Amino acid sequence: MRTQSLVDDQGGLSARLSLILTAFILAWLAGGICLGQGSTGVVEARVVTVTEAAHPGTRVKVAVVAEIAPGFHINDHKPTLDYLIPTELKLEPTRELSVEKVVYPKGELKKFEFSDQGLSVYQDKAVVGALLKLAAGVPPGEYTIKGKLAYQACNEHACLPPTSVPLSITVKVVPRGVTLKRVHTDVFDKIQFD
């Protein structure tokens, strides 16, 4: 009888180890898929400002330049079909920096295997503009507003789960007498803030 219970315990132990090993492998694979999406960088985003610094109480033009990996697209901010997930810039205002306006580029109409009609999407690069407002009494220094670019990336055959790229926008504030130098004109000439 003692021999039988030892065998039963070993059989139960073997089954439990098998279940644990299976769960570990599944968790590892799921983690690899999630890590793979982030690490391959389907969408990489960088933030640029129209000037190197800003004066208190003024508007600050900012652009988020999203580079989309070859073979992928992300939906327009105003997608063609209701069920598609839009690309959206979400910013968290602070006491020093508020968000006045977000400007999205017009998508490009493309036909894909999975849809009977053309879809408005961004491919290769999308530049989203944001108009920020600095509070009037802000002393010189650096001020940061955090946010994210939310999107869903797809290829010809499937869509990845919706995700986002975290963003941090730092604005350097200088006294009113300091001359501001324009930078990134190639980016801002393409954004229609008005």
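The values are calculated or read from the model by the stated rules, or taken from the named source; none is laboratory data. As the structure is a computational prediction, the values presented were derived from the model and not from experiment. Neighbour counts are summed over all protein chains in view; Cβ atoms, including those assigned to glycine, are modelled from backbone coordinates with ideal geometry.
Tally up the residues in the range 88-113 that are more than 21 Å from SER168 (Cα to Cα) and either hydroxyl-bearing (Ser, Thr, Tyr) or surrounded by 12 or more Cβ atoms within 10 Å (Cβ to Cβ) (or both), please.
Looking only at that region, the number is 5.
Quick one: in the range 131-158, which of the residues that are closer than 13 Å to VAL42 by Cβ and in contact with a Phe, Trp or Tyr (Cβ under 9 Å, 6 or more places away or on another chain) is surrounded by the fewest Cβ atoms within 10 Å (Cβ to Cβ)?
The qualifying residue surrounded by the fewest Cβ atoms within 10 Å (Cβ to Cβ) is ALA158.
Looking at (1) of a type outside the set (Gly, Ala, Ser); (2) exposed (fewer than 14 other Cβ atoms within 10 Å of the Cβ); (3) under 24 Å from PHE72 (Cβ atoms), which one does VAL128 not meet, given that it meets all the others?
(2) is the only condition that VAL128 fails.
Among the numbered conditions (1) farther than 30 Å from VAL174 by Cβ; (2) of a type in the set (Val, Ile, Thr); (3) assigned to a strand (DSSP E or B), tell me where ILE85 comes up short.
That leaves (3) as the condition not met.
In this structure, is VAL128 in contact with a strand residue (DSSP E or B) (Cβ under 7 Å, 6 or more places away or on another chain), in the same structural domain as ASP82 (by TED's automatic domain parsing) and over 26 Å from GLY41 (Cα atoms)?
The answer is no for VAL128.
Which of the residues belonging to the range 127-175 are under 14 Å from VAL48 (Cβ atoms) and either part of a loop (DSSP other than H, G, I, E, B) or within 13 Å of the chain's Cα centre (by Cα) (or both)?
VAL127, VAL128, LEU149, LEU167, SER168
Tell me which of these THR80 doesn't satisfy, since it passes every other one: (1) in contact with a Leu (Cβ under 6 Å, 6 or more places away or on another chain); (2) part of a strand (DSSP E or B).
Evaluating THR80 over (1) in contact with a Leu (Cβ under 6 Å, 6 or more places away or on another chain); (2) part of a strand (DSSP E or B) leaves (2) as the failure.
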